1. For segment 54-77, which positions are among the β-branched types (V, I, T) and crowded, with 18+ Cβ neighbours inside 10 Å?
2. For segment 1-14, which positions are surrounded by fewer than 16 Cβ atoms within 10 Å (Cβ to Cβ), part of a loop (DSSP other than H, G, I, E, B) and under 21 Å from the mean Cα position of the chain (by Cα)?
3. With (1) open to solvent by 40 Å² or more (accessible area, probe 1.4 Å); (2) over 24 Å from L206 (Cα atoms) as the list, and R50 as the residue in question, which single condition is left unmet?
4. Considering only segment 186-233, how many residues are open to solvent by 40 Å² or more (accessible area, probe 1.4 Å) and assigned to a strand (DSSP E or B)?
5. Could you list, in sequence order, all residues of segment 129-149 that are under 21 Å from the mean Cα position of the chain (by Cα) and over 13 Å from K179 (Cβ atoms)?
6. In the list G95, G62, which residue meets the criterion of being more than 23 Å from D219 (Cβ to Cβ) and touching a residue at least 40 places away in the same chain (Cβ under 8 Å)?
7. For segment 102-153, which positions are within 13 Å of the ligand (Cβ to nearest atom), part of a helix (DSSP H, G or I) and either open to solvent by 10 Å² or more (accessible area, probe 1.4 Å) or at negative phi (or both)?
8. Within segment 15-29, track down each residue that is within 16 Å of the ligand (Cβ to nearest atom) and either part of a loop (DSSP other than H, G, I, E, B) or open to solvent by less than 20 Å² (accessible area, probe 1.4 Å) (or both).
Amino acid sequence: MTDPIQDATVAYDVIDGIAWVRFNRPDKRNCMSPRLNRRMMEVLDELEYRDDVGVLVLSGEGTAWSAGMDLKEYFRENEVKGLGATRGAQREAYGWWRRLRWYHKPTIAMVNGWCFGGGYGPLFGCDLAFAAEEAQFGLSEINWGILPGGGASKVIAELTGFRNAMYHAMMGENISGKKAAEWGLVNEAVPLDGLKARVEEVAKVLQAKNPVALKATKDAIRRVREMTYDNAEDYLIRAQEAANSYDNEGRKEGIKQFIDDKTYKPGLGAYDKSKHNA
Ligand code: ACO
């Protein structure tokens, strides 16, 4: 049984290898309702292994990226139903953020506007993040009386320094996209009218790389942050050897095009993967 209201909460198009996925509740500033969370998981499922999708970009329709959790549908309406409903709604939200963190394709958050609270979950879930300078980021939880849960405290502590994280979480003041880039919440901030072009440029670069190596790389960067140096060294050997079993030829072609064919330099760009796929 499909639910047309639920289906409409997320929009997407696949164009030239890029899946442009959008939070699609602009009249509610794209806040995350249980329906949206359910639909987002379905959309991630639909897109993850499609051959015509190389990169996934997550943005928002209208003036918001996401105004965080839906205070009415996610919090209030579940609370009256009891703990089971609350835990169920949490599982759905956290579930798709986790899915995003370990997604098979590279992911980019394109933060076009408001980004609050629970929105930090998918923000961190994406591998890269680009924001409009005009965007506003806030941990507004303290402003309505809760702590930054759903991973938001973890996200701010992971992405920025201790003093910034404390100030941001305790004061409930917003920061601009520009400041978010200075703090490390996003890679870069650019004016809103140039945001899509910049993200497209980055997505095109990613599309030209070896996809097996990209998945292994993005997982490695997330995993090693919590490992000792020795554990990381060992993990990286195993991860590369596992990746070799999926793509035994790619790296050999990469070496060949540099050492034998002299058609590129790895220090200056990627090898032509179409040659070994052909
Ligand atoms: N939950 C529920 N409804 C929301 C949310 C939200 N997080 N954000 C916006 N809406 C609704 C508004 O209630 C309003 O609904 P209505 O048209 O039925 O009255 C509609 O979206 C539009 O919102 P406005 O406030 O009118 O939009 P405006 O552009 O003036 O302001 C802003 C945007 C600043 C984002 C404001 O909507 C806001 O403060 N939203 C809440 C942000 C927030 O604190 N989110 C929770 C973070 S904590 C967490 O996620 C756990």
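1. Residues of segment 54-77 that are among the β-branched types (V, I, T), as a first pass: 55, 57, 63.
Matches in segment 54-77: V55, V57.
2. A8
3. (2)
4. Of the residues in segment 186-233, 1 are open to solvent by 40 Å² or more (accessible area, probe 1.4 Å) and assigned to a strand (DSSP E or B).
5. A129, F130, L139, S140, P148, G149
6. G62
7. Listed by number, the residues that qualify are G118, G119, Y120, G121, P122, L123, E141, I142, N143, W144, A152, S153.
8. F23, N24, R25, R29
The values are calculated or read from the model by the stated rules, or taken from the named source; none is laboratory data. All of these numbers come straight from a predicted model, not from anything done at the bench. Neighbour counts are summed over all protein chains in view; Cβ atoms, including those assigned to glycine, are modelled from backbone coordinates with ideal geometry. Quick note on the areas: whole protein, heavy atoms, side chains included, nothing else; ligands and nucleic acids left out. Shrake-Rupley method; radii C 1.70, N 1.55, O 1.52, S 1.80 Å.
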